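Can you read through this structure? Questions will come right after.
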Amino acid sequence: MAYATADDGVRLYYEETGSGRTVIFVHEFAGDMRSWEPQMRHFGRTYRCISYNARGYPPSDVPPDHGSYSQARAADDIKAVLDAAGADDAHIIGLSMGGFATLHFGFRHPRRARSLCVGGCGYGAEPEQSDRFKAEAETTANLLTTGGMEKFADAYAHGPTRVQFENKDPRGFAEFKRMLAEHSALGSANTQLGVQRARPSLYTLVDEMKKLTVPTLIITGDEDWPCLMPGILMKRNIASSALAVMPNAGHAINLEDPDVYNRIVGDFLASVESGRWPMRDPRAMSASITGMKT
């Protein structure tokens with residue numbers, strides 16, 4: 001069993017497969033490293049692929065206090081895995097909570113990121129949704145603490161941006177729900193309070209986005225409503241970014257439509273590796289609608 005050790009001593013369990021350029025997969029709140037199995041098998045044929053469990057997700061350590069969990073720590077934990085793997089840099093691919101961590105990794109450690117794939121990123125980011133999102137994070141933590149994982153998983157798995165997965169792939173959805181119920185209630189509650197509830201809104205990070213030059217793919221499902229407008233915000237302000245929207249897809253895009261997801265991400269990685277990923281032409285941001293002077 002391989003472990004990375006974070007700056008504060010927390011151990012993070014990881015697995016790897018394949019060889020070549022390093023790719024690190026960063027899971028969402030309702031998932032764990034097993035959520036990336038379709039990608040580990042697909043991309044492990046051409047890359048060295050690493051997936052790991054975030055703090056709070058056994059067999060990684062579960063710090064007992066939510067003060068040990070934060071957005072900054074989540075980003076720095078990626079660096080700890082990168083260091084343990086002995087890689088100078090890597091393609092960082094994240095979904096949802098992992099997408100936020102991937103973006104913040106780009107802000108904090110841009111020289112260690114060969115590229116960023118920011119998936120399903122935006123929950124609670126819109127200013128008018130901030131208070132509601134924080135309240136729901138507290139409600140979620142309370143349910144985890146009082147009701148346990150099985151009761152929580154039954155409610156959380158059927159959220160409005162996950163029913164698409166259930167409708168398309170009932171067997172895959174049942175596996176996702178079963179694995180969610182296996183998580184640590186304490187670790188999940190602390191993650192809600194320390195990472196989800198307390199993370200800064202994307203709308204306060206525009207200056208950091210404008211400084212980012214790492215090749216970036218923003219990818220979301222078109223029925224993942226909380227991520228659509230934040231996705232446009234990131235696309236507008238990260239000059240090295242592209243925005244991909246998967247049709248008729250909800251939140252768990254890498255599991256819901258793995259073939260489509262793998263193709264889009266694979267094309268992105270190949271473009272970066274070939275040195276042909278572009279920076280935005282400044283002329284594309286003209287105040288003019290048509291380019292005609294009035």
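Every number here is computed from the coordinates shown, using simple stated rules; none is lab data. Computed from a predicted model, the values in this text were never measured in an experiment. Cβ sites come from the backbone with ideal geometry, for glycine too, and all protein chains shown count toward neighbours.
For a bin width of 10 Å, list the pair-distance distribution of region 1-84 built from all Cα-Cα distances, rounded to whole %.
So the P(r) values, bin by bin, are 19, 52, 25, 4.
Using the C-alpha atoms of region 190-290, what convex hull volume per residue, in cubic angstrom, is computed?
Details: hull volume 14.5 nm³, N = 101.
Roughly 144 Å³ of hull volume per residue.
How large is the Kirkwood hydrodynamic radius of region 54-107, in angstrom, based on all distinct alpha carbon pairs?
Working: mean 1/r = 0.0853 Å⁻¹.
The answer is 11.7 Å.
Given C-alpha coordinates of the chain, what is the ratio Rg to Rh with the Kirkwood estimate of Rh? All intermediate terms of the calculation are to be shown ahead of the outcome.
On the way: Rg = 18.3 Å, Rh = 19.2 Å.
Ratio value, two decimals: 0.96.
Neighbour counts of other C-beta atoms within 10 Å: give me Trp277, Trp225 arranged from fewest to most.
Details: Trp277 19, Trp225 15.
Lowest count first: Trp225, Trp277.
Going 7 Å from the Cα of Glu182 along its beta-carbon direction, which residues of region 50-94 have the amide nitrogen within less than 20 Å of the resulting point?
Counting backbone N atoms under 20 Å from the label point, the list is 50-63.
Nearest 20 debye, what's the magnitude of the dipole of the chain about its Cα centre given +1 on Lys and Arg Cβ and -1 on Asp and Glu Cβ? Let's see the in-between values first.
On the way: 32 positive and 36 negative charges, 189 e Å.
Using only the charged Cβ atoms, the result is roughly 920 debye.
Largest first, please: the extent of the C-alpha atoms of region 146-243 along each principal axis, to the nearest Å.
Principal-axis extents of region 146-243 (Cα, largest first): 42, 32, 20 Å.
Over region 105-176, consider all pairs of different Cα atoms and compute the Kirkwood hydrodynamic radius from their mean reciprocal separation; express it in Å, one decimal. Please list the in-between numbers first.
Working: mean 1/r = 0.0663 Å⁻¹.
Evaluated over region 105-176, this radius sits at 15.1 Å.
Taking the Cα atoms of region 65-207, what is the range of coordinates along each of the three principal axes, in descending order and whole Å?
Its Cα atoms span 42, 34, 29 Å along the three principal axes.
While we're here: Could you give each residue of region 20-25 its phi-based ³J(HN,Hα) in whole Hz, using Karplus coefficients 6.51, -1.76, 1.60 with θ = phi - 60°, and x for Gly or Pro?
x, 4, 7, 10, 10, 9
Please identify the longest segment of the chain free of exposed trypsin sites (Lys or Arg not before Pro), where exposed means a DSSP state other than H, G, I, E or B and no more than 12 other Cβ atoms within 10 Å. Walk me through the numbers on the way to the answer.
Details: sites that count: Arg45, Arg276, Lys293.
It works out to 46-275.
I've got another one for you. What distance in nm separates the simple spin-label points at Arg276 and Tyr203, each placed 7 Å from Cα in the Cβ direction?
Distance between label points: 3.9 nm.
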